[in-house]
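Following: one structure in structure tokens, then a few remarks.
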Number of protein chains: 2
Amino acid sequence: MSLPPGRIHHIAVVVRSIETSLGLYRDLLGLPLETIMDIPSDRVRIAFLGVGESKVELVEPTDDTTGVARFLASRGEGFHHLCLEVENLAEELTRLAISGVELIDSAPRRGAEGPVAFLHPRSCGGVLVELIEALGGPSWRGLGMGDPA
Amino acid sequence: MSLPPGRIHHIAVVVRSIETSLGLYRDLLGLPLETIMDIPSDRVRIAFLGVGESKVELVEPTDDTTGVARFLASRGEGFHHLCLEVENLAEELTRLAISGVELIDSAPRRGAEGPVAFLHPRSCGGVLVELIEALGGPSWRGLGMGDPA
């Protein structure tokens, strides 16, 4: 048995407009805005706001061709996924696959904040679950992500 | 401006069966089970699993008359709400209401883990947001919830 997840890394919310949503999450709820960035490869803009050891990620599609854009068109704004931090992502994925969990990503890939992989909501009670490897884990080196410091 | 929320207190997931869902969240993802309890007044059973300073709450309807049961029937299992911890819940609710946020609960009420209130997803980008008051805040005394220690 590997270590349990150490924290909720973030929960992601699909929004029409990051600027509009900051009116709630930053200005009314008071969560500090940490960063806004374009992720051209995913055709989204994202914002991270801090809350304790976790973050709220706002995800805004930048065109209508992606899964996130279709999610927004069909369901409207709302919760998108839950991201848990693990120590050794490749090891977790192997263990979960052996246990019958359906993986969207069978191996760690580069995410905006570290090596990530998604589990299918069919295996997770309807929740899209992302796993991210804690800073300095083996997949950081494996993916050539190095030390972001 | 009051203090920003201190942490994600929990995220709640509606499930058909807590026991089945423990197969994923406890046994495969490795989150430690903290408690399972019946909440007869809400006609649900709930389970809390720990992850860092936060929890995952599994919510299982015990009959088909409640909003949670209708949620499960119409949308299936999945994310239900995000709960943020605040220092002074009554003050937050007043501030949010003045700012035009639509409140489901206009005043703190007794929750399983402290004084709580829900904000309407219409005001929160499609996300049902719950606020819970940190242990020892003024609503604990106001609701006669005392010190749970």
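The values are calculated or read from the model by the stated rules, or taken from the named source; none is laboratory data. Owing to the predicted nature of the structure, the values given are computational and were not obtained by experimental measurement. In this analysis, Cβ positions are derived from the backbone assuming ideal geometry, glycine residues included, and neighbour counts consider all displayed protein chains. Calculation scope for accessible area: heavy atoms of the full protein, side chains included, ligands and nucleic acids excluded. Shrake-Rupley method; radii C 1.70, N 1.55, O 1.52, S 1.80 Å.
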Could you work out the mean count of beta carbons from other protein chains within 10 Å of each residue's beta carbon in B:45-53? 3
Averaged over the residues of B:124-132, the number of partner chain Cβ atoms within 10 Å of each residue's own Cβ comes to 6
Compute, for region B:7-142, the length of the dipole vector about the Cα centre, with Cβ point charges of +1 (Lys, Arg) and -1 (Asp, Glu) only. Units Debye, rounded to 20. 200 debye
Residues in region A:68-89 that, when all protein chains are in place, have 10 Å² or more less accessible area than the chain alone would give (probe 1.4 Å): A:Glu77, A:Gly78, A:Phe79, A:Leu82, A:Leu84
Please compute the Kirkwood hydrodynamic radius over chain B, one decimal place, Å, based on all pairs of different Cα atoms. 16.1 Å
What does the accessible area per residue of the protein assembly as shown come to in Å², with a 1.4 Å probe and no ligands, DNA or RNA counted? 44 Å²
Classify region B:8-58 as rounded, prolate or oblate, taking a ≥ b ≥ c as the square roots of the eigenvalues of its Cα gyration tensor: rounded when a/c is under 1.5, otherwise prolate if a/b is larger than b/c and oblate if not. oblate
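Taking each residue of B:18-25 in turn, how many C-beta atoms of other protein chains fall within 10 Å of its C-beta, and what is the average?
Values: counts 0, 0, 1, 4, 0, 3, 9, 4.
Partner-chain Cβ atoms within 10 Å, mean over residues of B:18-25: 3.
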I need the phi-derived Karplus couplings for region A:130-139: 6.51 cos²θ - 1.76 cosθ + 1.60, θ = phi - 60°, integer Hz, Gly and Pro marked x. 9, 10, 10, 7, 4, 3, x, x, x, 6
Where both residues lie in region A:7-142, what percent of DSSP beta bridges are antiparallel, nearest 5? 75 percent
Within the accessible area of chain B, what % is carbon and sulfur when the probe is 1.4 Å and the other protein chains stay in place? 51 percent
Given label points at 7 Å from Cα along Cα→Cβ, what nm distances, shortest first, separate B:Thr62 from the same residue in every other copy? 5.0
Could you tell me the center-to-center distance, by alpha carbons, between region A:83-149 and region B:50-126 in angstrom? 29 Å
I need the P(r) histogram for the protein assembly as shown: all alpha carbon pairs, bin width 5 Å from 0 out to the longest distance, whole percents. 1, 5, 11, 16, 18, 18, 15, 9, 5, 2, 0, 0
Using +1 at the Cβ of each Lys and Arg and -1 at the Cβ of each Asp and Glu in region B:7-142, identify which of B:Ile98, B:Phe118, B:Leu49 lies farthest towards the dipole's positive end. B:Ile98
Area buried, chain A against chain B - accessible surface, total, 1.4 angstrom probe, square angstrom: 2900 Å²
Electrostatic dipole magnitude of the protein assembly as shown [Cβ: Lys, Arg +1; Asp, Glu -1; Cα centre; debye, to 20]: 460 debye
Per-residue HN-Hα couplings for region A:3-10, Karplus 6.51 cos²θ - 1.76 cosθ + 1.60 at θ = phi - 60°, whole Hz, x for Gly and Pro? 5, x, x, x, 6, 6, 6, 7
Quick one: what are the phi-derived ³J(HN,Hα) couplings along region A:87-94, Karplus 6.51/-1.76/1.60 with θ = phi - 60°, whole Hz, x for glycine and proline? 7, 9, 5, 4, 4, 4, 5, 4
Testing the spin-label approximation: label points 7 Å from Cα along Cα→Cβ at B:Ala97 and A:Leu3. State their distance in nm. 4.5 nm
